[in-house]
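Remarks on the structure that follows.
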């Protein structure tokens, strides 16, 4: 647990309500992610690029830096800026995989 930062706003009822209203659903989501990662590890598919991307994104949660949501979304998104010449027809899979070189 990190000590309060000196520039943190003082705790008040509005700030406390943010935690009161959101903690339980967020806790459930975190447990769901952990359970998913446990399952894929148990079944030997934790090397899948999507599972690796989730593990990398989870590290962002703990780094203490701001804008975690943006940085996680960007880490899971396609960083390319040029469109493909021909559509691959692949559906969205939730994490970007660098194309294999030919």
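The values are calculated or read from the model by the stated rules, or taken from the named source; none is laboratory data. Everything quoted here is computed from the prediction, not taken from an experiment. Cβ sites come from the backbone with ideal geometry, for glycine too, and all protein chains shown count toward neighbours.
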Cross-chain or 6+ apart pairs with Cβ under 9 Å, the range 6-27 first and surrounded by 10 or more Cβ atoms within 10 Å (Cβ to Cβ), then part of a loop (DSSP other than H, G, I, E, B) and at pLDDT below 95: 11/4; 15/9
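Determine, yes or no, whether residue 60 is in contact with a helix residue (DSSP H, G or I) (Cβ under 9 Å, 6 or more places away or on another chain), surrounded by 10 or more Cβ atoms within 10 Å (Cβ to Cβ), touching a residue at least 12 places away in the same chain (Cβ under 8 Å) and under 28 Å from residue 92 (Cβ atoms).
yes
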In the list 66, 79, which residue meets the criterion of being modelled with pLDDT of 95 or more and either touching a helix residue (DSSP H, G or I) at 6+ places or on another chain (Cβ under 6 Å) or not in a helix (DSSP H, G or I) (or both)? 66
In this structure, is residue 41 assigned to a loop (DSSP other than H, G, I, E, B) and at pLDDT 95 or above? no
Output the residues belonging to the range 28-54 that are exposed (fewer than 11 other Cβ atoms within 10 Å of the Cβ) and under 16 Å from the mean Cα position of the chain (by Cα). 28, 29, 31, 32, 35
Could you tell me which numbered condition residue 23 fails, if it satisfies all but one of (1) modelled with pLDDT under 95; (2) assigned to a helix (DSSP H, G or I)? (1)
